[in-house]
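Enquirer: Sending over a structure as structure tokens; questions will come in a sec.
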Amino acid sequence: KEPASRFLLGRHHPINQDLFLQFFRTGHVVGAVSAAIYWGTPGDNQRSIVFSGDIGPNAEDSETLPFLRHCMYPGHFDYAVLESTYGGVERTFDEVSPEGRRNGLRRWLDRTIESNGVLVIPAFSLGRTQDIMFDLHWIVAENPERYCDVSFLLDSPSGSKINDIVLRALARTEPTGTGKVRPLWLGKQMFRWFGLDAKNPAHTEHVIALCQMVLGQAPITKATSSCPINPIGGKWSRIFSTVENRNALSDHGLPKKTVLVVSSGTADGGPAAFWLSRLLCQPTTSVAFPGYCAPSTVGGKLLSLAEVSIQERAMLSEPLKWQDSNATAVKQSNITAAIGLLSGYSAHADQAGLLRWAFNGSRSTTVAGTIFLQHGEDPKREALAKALQSEALRIGQTLRVASPTPETPWLNLDNGADAVNRQEEEELLRAQILQLQEKLSRIQSCA
């Protein structure tokens, strides 16, 4: 394999003489990669496995989410472990297109203006918060006169810290295997959307400046500086302020027409708990979740009320509770806020995106002869397994798809043999560990 490299993606990183690691960007969040392991003497006897990690929705030249560069396809391995979070979901164009995503957000923003109320957006600090901030800037830049009286507040301590990390990541570049220099994480869509050239260093500086402005941390309501590009007919200016003291802000009352982007994404704690416990019983409040919330979370419980009328909510008997000491329980019968889901912000690929990864984008060869499915509910794994088998049959390839359970026999990855005796394997591993511990003790005693 290639010698050790200080470059991250696509290169082989030696761990030992016959052990190598390799990483591929997944387009899920900044820093997310698929990890591949090669072991054994290079050549016909070497074996390999790739772990997908979380696969994002951005495919090359058809990226939908802002900021992040497209998912890389890893090539061919002996084995692959693939996530199946949305393995049974096929999203429509309107659900994933940037225009459809922003149109949904714009409707909630317009409702806030018409009601002189508050829009609360609980968002995960990494990925979701940055995407929401970008889209709100875009919407305002398209029609600054309509939204000039809206206050945009970020109350997410972790999100504020992560914004700085994301900005540093977006500015990183590294040489590719073909001798070119490209951004490590920043996507081409940021150039394409604004009519800029990704190969022009000056244009790259403009895009980075735009990202810095969108995710900037200065506690101001309106920016004194603006982006040097004018991409969609409206001047891009910083619109977000950072909440420094939520107790003081709450005591004085939020301004009318306010958008609050808060953590946590499931609304179980933190700023989301603080604000929702105070705002849910006001009819001028809107709560829009930009992603899935498990039914057991506060966000999941609120989303279950999205289609329930105010009159029907009055029949509810259970209170909505938080563990946070700054959040007082709310009677669900008193919740009058409008509640809904924003589509298009998922950082996970749907079935089509998972199939692209499994067949290396071209749909002509599988990523591995054996694919193990994990990180998904059983129905999603079963649906993805069927889709993988169907696609393999279409291109005339043999593919083994497995969904391991605690009862599944161990598999020997060196020879592909099934039904490894688990008890014997565990005993062998314990013996090897004991030998290594004894060797370590001897070395330490001689030190």
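The values are calculated or read from the model by the stated rules, or taken from the named source; none is laboratory data. This one's a predicted model, so the numbers in the text were calculated from it and none came from an experiment. Ideal geometry is used to build each Cβ from the backbone, glycine not excepted, and the neighbour counts take in all protein chains shown. SASA here: full protein model, heavy atoms, side chains in, ligands and nucleic acids out. Shrake-Rupley method; radii C 1.70, N 1.55, O 1.52, S 1.80 Å.
Enquirer: Considering segment 189-201 alone, what residues qualify as being more than 26 Å from Arg11 (Cβ to Cβ), open to solvent by less than 70 Å² (accessible area, probe 1.4 Å) and part of a loop (DSSP other than H, G, I, E, B)?
Expert: Passing the criteria: Phe194, Gly195, Leu196, Asn200.
Enquirer: Among the residues of segment 257-265, is there at least one that is at pLDDT 90 or above and open to solvent by 30 Å² or more (accessible area, probe 1.4 Å)?
Expert: Taking every residue of segment 257-265 in turn, at least one turns out to be at pLDDT 90 or above and open to solvent by 30 Å² or more (accessible area, probe 1.4 Å).
Enquirer: Now a separate question. Could you say which residue among Leu186, Leu215 is modelled with pLDDT of 90 or more, under 18 Å from His70 (Cα atoms) and open to solvent by less than 50 Å² (accessible area, probe 1.4 Å)?
Expert: Leu186
Enquirer: Please determine whether any residue of segment 124-134 is within 19 Å of Gly253 (Cα to Cα) and touching a residue at least 40 places away in the same chain (Cβ under 8 Å).
Expert: Within segment 124-134, not a single residue is within 19 Å of Gly253 (Cα to Cα) and touching a residue at least 40 places away in the same chain (Cβ under 8 Å).
Enquirer: Restricting to segment 161-188, and then to whatever is in a strand (DSSP E or B) and among the aliphatic types (A, V, I, L, M), can you tell me which residue is farthest from Gly127 (Cα to Cα)? Can you show your working first?
Expert: We begin by selecting, within segment 161-188, every residue in a strand (DSSP E or B); these are 173-175, 181-183, 186.
Add one more test, that the residue is among the aliphatic types (A, V, I, L, M), and what stays is 181, 186.
Working: Val181: 25, Leu186: 13 Å.
If we take residues in segment 161-188 being in a strand (DSSP E or B) and among the aliphatic types (A, V, I, L, M), then Val181 is farthest from Gly127 (Cα to Cα).
Enquirer: What's the number of the only condition in (1) within 30 Å of Phe152 (Cα to Cα); (2) touching a residue at least 40 places away in the same chain (Cβ under 8 Å) that Phe77 fails to meet?
Expert: Here Phe77 meets the rest and fails (1).
Enquirer: Given (1) in a loop (DSSP other than H, G, I, E, B); (2) open to solvent by less than 20 Å² (accessible area, probe 1.4 Å); (3) of a type outside the set (Gly, Ala, Ser); (4) without any contact (Cβ under 8 Å) to a residue 60 or more places away in the chain, identify the lone condition not met by Thr41.
Expert: (2)
Enquirer: Another question, if that's okay. Looking at Ser48, Ser151, Ser156, which one is touching a Pro at 6+ places or on another chain (Cβ under 6 Å) and modelled with pLDDT of 95 or more?
Expert: Selected residue: Ser151, the only one of Ser48, Ser151, Ser156 that is touching a Pro at 6+ places or on another chain (Cβ under 6 Å) and modelled with pLDDT of 95 or more.
Enquirer: Right, something else. Name the residue that is farthest from Ala32 (Cα to Cα), counting only residues in segment 153-183 that are open to solvent by 40 Å² or more (accessible area, probe 1.4 Å) and among the small types (Gly, Ala, Ser).
Expert: Going through the qualifying residues, I end up with Gly179.
Enquirer: Need the failing condition index for Ala171 against (1) more than 21 Å from the chain's Cα centre (by Cα); (2) on the phi < 0 side of the Ramachandran plot; (3) free of Cβ contacts under 8 Å to residues at least 40 places away in the same chain, just the number.
Expert: Result: Ala171 passes all but (1).
Enquirer: Take Thr242 and tell me if it is over 28 Å from the mean Cα position of the chain (by Cα), among the β-branched types (Val, Ile, Thr) and at pLDDT 90 or above.
Expert: no
Enquirer: Applying the selection to segment 282-341, what residues are hydroxyl-bearing (Ser, Thr, Tyr) and open to solvent by less than 60 Å² (accessible area, probe 1.4 Å)?
Expert: Within segment 282-341, Thr284, Thr285, Ser286, Thr297, Ser309, Ser333, Thr336 meet the criteria.
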